[in-house]
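*Asks:* So that we are looking at the same thing, I have put the structure below in structure tokens.
The values are calculated or read from the model by the stated rules, or taken from the named source; none is laboratory data. Since this is a predicted model, take the numbers as computed values, not measurements. Because the Cβ atoms are built from the backbone with ideal geometry, glycine has one as well, and the counts that use them run over all protein chains shown.
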Amino acid sequence: MGALVVALFSVLSRGTLFADIRAQWRPSAIAGVLSIVTYGAALTAFSLGPTAPLAALRETGMVTALFIGFVFLKEPVTARRAAAVTAILSGAGLILWRGA
């Protein structure tokens, strides 16, 4: 299915897609490897420990994403984003507090 989607985008972009792939293959490969490693680490952690605290810890990655977006990418922190991160942190805190 993925090859079909790439072929479709290639036809629609009149071949510029492959030029872009050739230019950006290193960062893409690094991102792909890191994605596989983090997914494997999460699966390993879930197999070794209780699920609820690990899930709570994993969800706090959204806080890190907000921080990176704000500090490095200069994205605005809207009230909606702040509320979402507050809810995530509150939920993670409750799970960890309740599990202790």
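*Asks:* What number of residues within segment 66-90 are surrounded by 14 or more Cβ atoms within 10 Å (Cβ to Cβ) and closer than 22 Å to T38 by Cα?
*Replies:* Total satisfying the criteria: 5.
*Asks:* Please work out which residue is farthest from L94 (Cα to Cα), limiting yourself to segment 16-65 and to residues that are over 16 Å from the mean Cα position of the chain (by Cα) and in contact (Cβ under 8 Å) with a residue 24 or more places away in the chain.
*Replies:* By that ranking, first place goes to P50.
*Asks:* Cβ-Cβ under 6 Å, sequence separation 6+ or interchain: first residue in segment 67-90 and assigned by TED's automatic domain parsing to the domain that holds L54, partner of a type in the set (D, E, K, R). Which pairs?
*Replies:* Cβ pairs passing all conditions: G69/E75; I88/E59.
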